[in-house]
């Protein structure tokens, strides 16, 4: 029973922690401002003179194995049901490996972007400063037999379902990895081509990366067997294993004293005690087709004139970017190191891990052959991703956009966190003060979502899948995002009377738009 509770808790933590798909539906929008600089840093030619973030968050969960009954969201008391697992959790059984993703991104207050340029093109350039707090957890390529056996407790009940006892089992590229970090970025973007209605703009962000904590365990190929319920054999398997020194529940911060250790732990983490600062880059390019010229300068007539600058929306935009290209260096934990597993009939009767990572370390040292000591630092790669989009303005702000976030786990050593690759088609209506976005998305886990994002003045709020809250019976993924901002759009001014005399005398009333 204890095994079942422990393993079920592990699966739930893996599947239902907090993922960030970053303002789904608005990714390539010209009205995204500072909120979309992490999707594509080519932010020049913006309709905003300035865009300032006051608060912003995006968080979600995603997995392809366990679905949570939607009723639990409406009635949290159901979580205390002693039969919660059988009544309110649903397995997706299809023979595929199981994966889970969790993460969030917080955008720091007063992150901002500012447009500037010459009089006829005041938004030719843009600069931005942004900072974020980020967290990602990945669980990848867990075989269905192992996932289901763990879900039912690795005992006789699990064997009755999966018949895992006595089977020669294996898994390829199975791993678990997590990383938390802060980034501080300076962005510069510029129009590099503007002729005959065609515009090309580029942008780049240079980031200072502050690693906080991280770790991973990864096996390119693992072979194992359960000869009996409580006996495990692992054959000729090399496992990469590393975590940062000072990780919560590691040797320095034991689970039994975690509450009292948190103040000291937080101070050590934020002072770079366990990591070295590094740099990362974002690069982006966007092509825009603007058949009509921008409405700039003066228009004079007998009744008055318009004066100022308001860029007209593009008809078509196509963009591509590479985001978070870089890695972090973390000080290796005291007993962290790669190890070789070749053990027969390991008796797990009564096995417990009361001190978290420390208990795992003790078990590794006593049961397996360590291949690498704990000296120095280890590397973890940031979630490098390739973003593309195409945006078509049908009529007066009504449009369609298709986008893709492609985030592969490219490291052969399994030491790279990643997002969930997702493909999205979005119907939208937007102007400088309001936007409504309805994204239809599908990800590589097989989850389909129909979302909604609303932008009304300073407020942005939405979800990648509103069906999860009122239509789907079981929820495998959920996401929310929100931001509060101060935006200053470009405007035009209208002078009553003849502008030739208004400019000389300073007389005449004006209207602002």
Kindly evaluate residue 206 against the criterion of being in contact with a strand residue (DSSP E or B) (Cβ under 7 Å, 6 or more places away or on another chain), surrounded by fewer than 16 Cβ atoms within 10 Å (Cβ to Cβ) and either modelled with pLDDT of 95 or more or part of a strand (DSSP E or B) (or both). yes
Hey, residue 335 over 28 Å from residue 204 (Cα atoms) and either at pLDDT below 60 or surrounded by fewer than 16 Cβ atoms within 10 Å (Cβ to Cβ) (or both) or not: no
Condition set at pLDDT below 90 and in contact with a helix residue (DSSP H, G or I) (Cβ under 9 Å, 6 or more places away or on another chain), scope segment 75-84, selection farthest from residue 464 (Cα to Cα): answer is 81
Filter segment 394-412 for residues that are buried (at least 21 other Cβ atoms within 10 Å of the Cβ) and in a strand (DSSP E or B); which is nearest to the chain's Cα centre (by Cα)? 405
On the given criteria, is residue 182 within 30 Å of residue 274 (Cα to Cα) and either touching a strand residue (DSSP E or B) at 6+ places or on another chain (Cβ under 9 Å) or modelled with pLDDT of 95 or more (or both)? yes
Filter segment 179-198 for residues that are in a strand (DSSP E or B) and surrounded by fewer than 21 Cβ atoms within 10 Å (Cβ to Cβ) and give the result. 180, 182, 184, 186, 188, 190, 191, 192, 193, 194, 195, 198
Kindly list the number of the only condition in (1) at pLDDT below 90; (2) outside any strand (DSSP E or B) that fails for residue 383. (1)
Please enumerate the residues belonging to segment 338-364 that are modelled with pLDDT of 80 or more and part of a loop (DSSP other than H, G, I, E, B). 338
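The values are calculated or read from the model by the stated rules, or taken from the named source; none is laboratory data. Remember, predicted model here, so these are calculated numbers, not experimental data. Cβ atoms come from the backbone with ideal geometry, glycine included; neighbour counts cover every protein chain shown.
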